[in-house]
Amino acid sequence: MPIRSIDPDNYHSLLSDKIDLIKDQFKQFDLTTIDTFESPKLNYRMRCEFRVWHDGDDLFHIMFDQQTKEKVRIDHFPPASLLITELMDDLLAELRPNEILRRKLFQIDYLSTLSGEVLVSLLYHKQLDDEWIAECRALKARLETKYKINIVGRARKLKVVLDNDFVIEHLNVDGKQYIYKQVENSFTQPNAKVCEQMLSWAKNAIPYKGDLLELYCGNGNFSLALADKFDKVLATEISKPSVASAQYNIEVNNIDNVKIIRMSAEEFTEAMEGKREFTRLKDIDLTSYNCETIFVDPPRAGLDDDTVNMVAKYKHIIYISCNPNTLHDNLTVLTKTHNIEKFAVFDQFPYTDHLECGVVLTQKAL
């Protein structure tokens, strides 16, 4: 995403072009309406990653141009949240005169929140010793006069956490606030304001009843927001840090009808089909769930063939996709048994070619 292309005056024109591409790509499905959810035009990214370039005693953030592969110095990054934007300058000002913290630093990752917390990860081509830890604690203390900040140091096979390796986010969905623990180096939605819109859309897409099965639940981002629409929610996730975050989020939000299982969607499909038994399911009575609705938010590869076939057995399907190409492939199969009730696009990444999509499908009458 070249910095020069980020022009708020062109935002709606670029978004319109992206929607036209989606309409053309999905024209075989005869979509009557595409609901569109816009992003803030600037300062929308809650997380950013920058390489660090050293020039004598100076250092600065850089990115690489996707076309030319040349490095581009970043003194101001308009997509970054206001919190990251302000911290970037202050952090470099602290690092420049400090040989211990500056030496062999090659990347800085920022994770910020709407709630005002920020986490910085400093990545090094060296081991981090007691002297580094002492200097980093002093850095954190100075920055804490202005920011609610935590710092993590990373080197090969090493992670140093000064206090916490997470931030606590607060998202507002239809007037209700949800609390989310977001862990460093784990997936979180990058555009928090669009994420709030995605959660609201999913909650209100159709009338729900019974229980919900969710695959790829992450830290419970959708699970928590959807919980009050269902009697019970059974969700799966393979990542240990994400499962731990989801358990924390369930407790801190005082939600008592969500159960998280640590297993992949493919493993859960095998369990549902009776192909394998898993000790992780020994305390869960799958037959006690009356799931008419399934929610899926797969990675870019989309749903594998076996999972698509399993998903097709549910009356209602809510599908969030980060890749229109694999979504199209999956819908080609799912529309044999289901009708598309709603189709939405979410502009998570303004000024790029990317659009997130949301689809609600309902089983065809027999």
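Anything in the stretch 165-183 that is closer than 17 Å to Leu119 by Cβ and of a type in the set (Asp, Glu)? List them, or say none. Answer for the stretch 165-183, where residues must be closer than 17 Å to Leu119 by Cβ and of a type in the set (Asp, Glu): Asp165, Glu169.
Of the residues making up the stretch 111-149, those that are in contact with a strand residue (DSSP E or B) (Cβ under 8 Å, 6 or more places away or on another chain), outside any loop (DSSP other than H, G, I, E, B) and open to solvent by 40 Å² or more (accessible area, probe 1.4 Å) are Ile133, Lys148.
State whether the residues of the stretch 283-292 include one that is farther than 19 Å from Ile206 by Cβ, at pLDDT 90 or above and of a type in the set (A, V, I, L, M, F, W, C). No, the stretch 283-292 contains no residue that is farther than 19 Å from Ile206 by Cβ, at pLDDT 90 or above and of a type in the set (A, V, I, L, M, F, W, C). Considering only residues in the stretch 22-60 that are touching a Leu at 6+ places or on another chain (Cβ under 8 Å) and part of a helix (DSSP H, G or I), the one that is most open to solvent (accessible area, probe 1.4 Å) turns out to be Lys23. Restricting the stretch 293-308 to residues that are more than 16 Å from Met198 (Cα to Cα) and touching a Leu at 6+ places or on another chain (Cβ under 9 Å) leaves a set whose member that is modelled with the lowest pLDDT is Thr307. Every condition in (1) surrounded by fewer than 21 Cβ atoms within 10 Å (Cβ to Cβ); (2) without any contact (Cβ under 8 Å) to a residue 60 or more places away in the chain holds for Tyr208 except the one numbered (2). Applying the criterion of being surrounded by fewer than 15 Cβ atoms within 10 Å (Cβ to Cβ) and outside any loop (DSSP other than H, G, I, E, B) to the residues of the stretch 63-85, the residue that is modelled with the highest pLDDT is Leu82.
Contact annotation: residue pairs with Cβ atoms under 6 Å, 6 or more positions apart or on different chains, pairing a residue in the stretch 14-43 that is free of Cβ contacts under 8 Å to residues at least 60 places away in the same chain with a partner that is open to solvent by 50 Å² or more (accessible area, probe 1.4 Å) and part of a helix (DSSP H, G or I), are Asn43/Leu82. Filtered by the rule that a residue be touching a residue at least 12 places away in the same chain (Cβ under 8 Å) and either more than 20 Å from the chain's Cα centre (by Cα) or part of a loop (DSSP other than H, G, I, E, B) (or both), the stretch 98-110 gives Asn98, Ile100, Leu101, Arg102, Arg103, Lys104, Leu105, Phe106, Gln107.
Can you confirm whether Ile284 is assigned to a strand (DSSP E or B), under 22 Å from Val311 (Cα atoms) and open to solvent by less than 30 Å² (accessible area, probe 1.4 Å)? Spelling it out, it is not the case that Ile284 is assigned to a strand (DSSP E or B), under 22 Å from Val311 (Cα atoms) and open to solvent by less than 30 Å² (accessible area, probe 1.4 Å).
The values are calculated or read from the model by the stated rules, or taken from the named source; none is laboratory data. These numbers come from a predicted model, not from an experiment. Ideal geometry is used to build each Cβ from the backbone, glycine not excepted, and the neighbour counts take in all protein chains shown. Heavy atoms of the whole protein, side chains included, go into the accessibility calculation; ligands, DNA and RNA do not. Shrake-Rupley method; radii C 1.70, N 1.55, O 1.52, S 1.80 Å.
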